[in-house]
Amino acid sequence: MKDGDNERNMAKDAANSIEELFHAAGYDIISKTPNFYPPGYSIHEVGTARMGDNPKTSVLNKYSQSHDIKNLFVVDGSSFVTCGWQNPTMTILALSMRASEYLADQMKKRNI
């Protein structure tokens, strides 16, 4: 994966836009750069397998189980539609624990 002209142009535009916003709010800009780190360096990459109740708008149910493939559980950050600045590890661990407990229960009941 590498960034193309579009990504670099968007980063430059974002830096310019936030500078304008800060100036309008009366703030001084100490530093500004349109540069960004490579994927995975300073962000938490999540998404692609949305969690939700509706199989038409989501991939996973609330137990991280695939709506379409009953023995498939996705226990990483894929179920998040977005992520804030906080590290998502503890949330991923909590969701993984819930999925594991549900999976064990379903296996005991021979539903999976």
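Things worth noting here:
- Scanning the stretch 27-36 for residues that are farther than 18 Å from Asp5 by Cβ and loosely packed, with under 10 Cβ neighbours inside 10 Å yields Asp28, Ile30, Ser31.
- Selection from the stretch 37-72 of residues that are in a loop (DSSP other than H, G, I, E, B), touching a helix residue (DSSP H, G or I) at 6+ places or on another chain (Cβ under 6 Å) and more than 16 Å from Ile112 (Cα to Cα): Val46, Thr48, Ala49
- Qualifying position, being surrounded by 15 or more Cβ atoms within 10 Å (Cβ to Cβ), of a type in the set (A, V, I, L, M, F, W, C) and in contact (Cβ under 8 Å) with a residue 40 or more places away in the chain, among Val46, Val59: Val46
- For the stretch 73-92, taking the residues that are loosely packed, with under 11 Cβ neighbours inside 10 Å and either part of a helix (DSSP H, G or I) or not assigned by TED's automatic domain parsing to the domain that holds Tyr63 (or both), the one that is modelled with the lowest pLDDT is identified as Thr89.
- Taken across the stretch 18-26, residues that are assigned to a loop (DSSP other than H, G, I, E, B) and either of a type outside the set (D, E, K, R) or surrounded by 14 or more Cβ atoms within 10 Å (Cβ to Cβ) (or both) do occur, with at least one present.
The values are calculated or read from the model by the stated rules, or taken from the named source; none is laboratory data. Since the structure is predicted, the reported quantities are computational estimates derived from the model, not experimental observations. Here Cβ is always computed from backbone atoms with ideal geometry, including for glycine, and neighbour counts include all displayed protein chains.
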